[in-house]
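**Q** Below is a structure I'd like to ask you about.
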Amino acid sequence: MNMTSELSLANLNHLAEKYLERISLAKDISELEQVYQAAFSRKSGEISNIMHELKDLAPDKKKEIAPYAQDLRQKIETALANKKIQLGDVSQDQTFFDATVPSKDSGRGHIHPATQVIWEIEDFFRSLGFMILDGPEVDSTFFNFEGVNIPKDHPARDMQDTFYLDENIALRPHTSNCQVRAMREYGAPLRAIVPGRCYRNENRDARHEHTFLQFEGFMIDEGISIANFRDVIDQFFKRFINEKTETRIRPGYFPFVEPGFEFDFKCFCDGFCGLCKGTGWIEFGGAGMIHPNVLKHGHIDPDKFSGWAFGFGPERLAMIRKQIPDLRLFRSGDLRFLEQF
Ligand code: FA5
């Protein structure tokens, strides 16, 4: 091979014409593949050889020829990629990615199991006349804590060991950050639920994630009592779990309710399991009558209005319903898990 004639500008132009014509005439992918091999095969591709030989040229010559050689290579690569799309084979393309081309055989996806349960919960509460509200996941310490009666030095703040962005802003550890926000925005009477993502500095295990879902619910009006809450919650359990799943209610402490209680589900295991850790019960959430201080922060008169609130874990509800043994599966992205729902 005569090196000087290979690397003359005239020769590069000739190669460009030759390859662009061959590419445009290619009738199918296998013909295009032959053109690709002729140009870029590692051992004998004409363009690969030229690129290889560039480095042996004298510096002056190299400076003159190299930009034309690069240009030639780029033109041929682009023409190959475009022709490949034209011939309808983009799935194998290593060098070109067009996000607008529909994928082949990707199958049909579906809604994530946690979103499925949230949507069902929203439907249920909407049918009872509740609004579905949204709230910020990054919020001030006032709405996260002080507004719901957890002052700066209150030990309950430690239990929700949060991710702080600065001294006064934190990722919300619970959807209760939306209680005072909703009261200020809509006043009383008020019925609403607020589903959403929460964050805690947790040791992850079968029941705990650092990022998880909660849904808050509250009902405020004149003369609201625990009896209203019992009724709503009885209907909720009737709708969402079968009659074989036992639930229990026990006293619980949350600074923003008085009195307060907690709900548990009977675990689906027969004895010891990693989920309930042998206790036989899985906590579902807390609830109670809204503390007068919280109503005051929400600009609602506690002498006229009363209300209840709850904060439940929808992932744990889905776990009980579908016998899912580990909460970490929800964010695993594992298709073997997701495809079951
Ligand atoms: C609260 O967060 C209170 N804000 C709930 C509340 C609201 C009480 C209104 C009274 C009135 P708690 O920390 O227990 O409470 O969380 C409630 C539920 O959220 C738990 O029972 C569980 O179902 C879910 N949850 C809490 N932490 C996690 C976590 N790390 N991973 C997964 N789910 C969690």
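**Q** Of all residues being within 16 Å of HIS291 (Cα to Cα) and among the basic types (Lys, Arg) in region 147-194, which is most open to solvent (accessible area, probe 1.4 Å)? Just the residue, please.
**A** Among residues in region 147-194 that are within 16 Å of HIS291 (Cα to Cα) and among the basic types (Lys, Arg), the one most open to solvent (accessible area, probe 1.4 Å) is ARG184.
**Q** Look through GLU315, GLU283 and report the one residue that is closer than 24 Å to THR211 by Cα and touching an Asp or Glu at 6+ places or on another chain (Cβ under 7 Å).
**A** Numbers: GLU315 fails: touching an Asp or Glu at 6+ places or on another chain (Cβ under 7 Å).
None of the other options fit; the residue is GLU283.
**Q** Consider region 31-47. How many of its residues are open to solvent by 70 Å² or more (accessible area, probe 1.4 Å) and either modelled with pLDDT under 90 or under 13 Å from ARG73 (Cβ atoms) (or both)? Give the derivation first.
**A** First pass over region 31-47, keeping only residues open to solvent by 70 Å² or more (accessible area, probe 1.4 Å): 33-34, 36-37, 42-44.
Next, only the ones that are either modelled with pLDDT under 90 or under 13 Å from ARG73 (Cβ atoms) (or both) stay: 36, 42-44.
So the answer is 4.
**Q** Evaluate region 295-304: report whether one residue or more is surrounded by 20 or more Cβ atoms within 10 Å (Cβ to Cβ), touching a strand residue (DSSP E or B) at 6+ places or on another chain (Cβ under 9 Å) and of a type outside the set (A, V, I, L, M, F, W, C).
**A** Checking region 295-304: at least one residue is surrounded by 20 or more Cβ atoms within 10 Å (Cβ to Cβ), touching a strand residue (DSSP E or B) at 6+ places or on another chain (Cβ under 9 Å) and of a type outside the set (A, V, I, L, M, F, W, C).
**Q** When the residues of region 258-279 are filtered to those that are part of a strand (DSSP E or B), open to solvent by 20 Å² or more (accessible area, probe 1.4 Å) and acidic (Asp, Glu), which remaining residue is farthest from the ligand (Cβ to nearest atom)? Show your work before the answer.
**A** We begin by selecting, within region 258-279, every residue part of a strand (DSSP E or B); these are 258-266.
Add one more test, that the residue is open to solvent by 20 Å² or more (accessible area, probe 1.4 Å), and what stays is 258-259, 261-262, 266.
With acidic (Asp, Glu) added as a condition, the list becomes 258, 262.
Values: GLU258: 10, GLU262: 7 Å.
Among them, the one singled out is GLU258.
**Q** Taking helices (runs of 4 or more DSSP H) that fall entirely within region 84-203, which contain at least 3 residues that are charged (D, E, K, R) and at pLDDT 95 or above? Spell out the reasoning first.
**A** On the way: elements: 113-127, 141-144, 177-186.
Counting at least 3 such residues, we get 113-127, 177-186.
**Q** Further question: Taking region 129-141, which residues are surrounded by 14 or more Cβ atoms within 10 Å (Cβ to Cβ) and among the hydrophobic types (A, V, I, L, M, F, W, C)? If you could, list the steps in order and put the result at the bottom.
**A** Initial filter on region 129-141 (surrounded by 14 or more Cβ atoms within 10 Å (Cβ to Cβ)): 130, 132-133, 135-137, 139-141.
The answer is PHE130, ILE132, LEU133.
**Q** Do we have ASN144 as polar (S, T, N, Q), within 15 Å of the ligand (Cβ to nearest atom) and loosely packed, with under 15 Cβ neighbours inside 10 Å here? So that I can check it myself, show each step before the final result.
**A** On the way: polar (S, T, N, Q): yes; within 15 Å of the ligand (Cβ to nearest atom): yes; loosely packed, with under 15 Cβ neighbours inside 10 Å: no.
Judged against the criteria, ASN144 is not a match.
**Q** Next question. Take the conditions closer than 22 Å to MET159 by Cα, touching a Gly at 6+ places or on another chain (Cβ under 6 Å) and either of a type in the set (A, V, I, L, M, F, W, C) or away from the ligand (no atom under 16 Å from the Cβ) (or both) and apply them to ILE282. Does it pass? Don't jump to the end; show me each part of the working.
**A** Details: closer than 22 Å to MET159 by Cα: yes; touching a Gly at 6+ places or on another chain (Cβ under 6 Å): no; either of a type in the set (A, V, I, L, M, F, W, C) or away from the ligand (no atom under 16 Å from the Cβ) (or both): yes.
Spelling it out, it is not the case that ILE282 is closer than 22 Å to MET159 by Cα, touching a Gly at 6+ places or on another chain (Cβ under 6 Å) and either of a type in the set (A, V, I, L, M, F, W, C) or away from the ligand (no atom under 16 Å from the Cβ) (or both).
**Q** Only one of (1) at pLDDT 95 or above; (2) of a type in the set (Gly, Ala, Ser); (3) under 28 Å from VAL138 (Cα atoms) fails for ALA206. Which number is that?
**A** Every listed condition holds for ALA206 apart from (1).
**Q** To continue, here is another question. Please enumerate the residues belonging to region 221-242 that are within 17 Å of ARG316 (Cα to Cα) and either surrounded by fewer than 17 Cβ atoms within 10 Å (Cβ to Cβ) or free of Cβ contacts under 8 Å to residues at least 12 places away in the same chain (or both). Steps first, please.
**A** To start, the set of residues in region 221-242 that are within 17 Å of ARG316 (Cα to Cα) comprises 233, 236-242.
PHE237, LYS238, ARG239, ASN242, listed by residue number.
**Q** Where the second residue is open to solvent by 50 Å² or more (accessible area, probe 1.4 Å) and more than 7 Å from the ligand (Cβ to nearest atom) and the first is farther than 19 Å from GLY280 by Cβ and lies in region 249-267, which pairs have Cβ atoms under 9 Å and are six or more apart or on separate chains?
**A** Final answer for the pair search is PRO255/PRO151; PRO255/ASN293; PHE256/ASN293; GLU258/PRO292; PRO259/ILE226; PRO259/PRO251; GLY260/PRO251; GLY260/TYR253.
**Q** Could you tell me how many of the residues in region 305-325 are in contact with a helix residue (DSSP H, G or I) (Cβ under 8 Å, 6 or more places away or on another chain), more than 26 Å from ARG181 (Cβ to Cβ) and either open to solvent by 10 Å² or more (accessible area, probe 1.4 Å) or not assigned by TED's automatic domain parsing to the domain that holds ASN177 (or both)?
**A** The number of residues fulfilling the criteria is 3.
**Q** Which is more than 47 Å from the chain's Cα centre (by Cα) and part of a helix (DSSP H, G or I), of GLU64, GLU33, GLU77?
**A** Only one candidate qualifies: GLU64.
**Q** Taking the residues in region 199-220 that are in contact with a Ser or Thr (Cβ under 6 Å, 6 or more places away or on another chain) and within 7 Å of the ligand (Cβ to nearest atom) as candidates, determine which candidate is least open to solvent (accessible area, probe 1.4 Å). Reasoning before the result, please.
**A** Let us first name the residues in region 199-220 that are in contact with a Ser or Thr (Cβ under 6 Å, 6 or more places away or on another chain), namely 199, 214, 216.
Checking which are within 7 Å of the ligand (Cβ to nearest atom) leaves us with 214, 216.
Details: GLN214: 25, GLU216: 3 Å².
Looking at the filtered set, the residue picked out is GLU216.
**Q** Further question on the same structure: Of the conditions (1) open to solvent by less than 70 Å² (accessible area, probe 1.4 Å); (2) more than 20 Å from ALA156 (Cα to Cα); (3) of a type in the set (Val, Ile, Thr), ILE249 clears all except one; give me its number.
**A** (1)
The values are calculated or read from the model by the stated rules, or taken from the named source; none is laboratory data. Note that the coordinates shown come from a computational prediction; the quantities given were computed from them, not determined experimentally. Here the Cβ is made from the backbone with ideal geometry for all residues, glycine too, and neighbour counts use every protein chain on show. All accessible areas refer to the heavy atoms of the entire protein, side chains included, with ligands and DNA or RNA removed. Shrake-Rupley method; radii C 1.70, N 1.55, O 1.52, S 1.80 Å.
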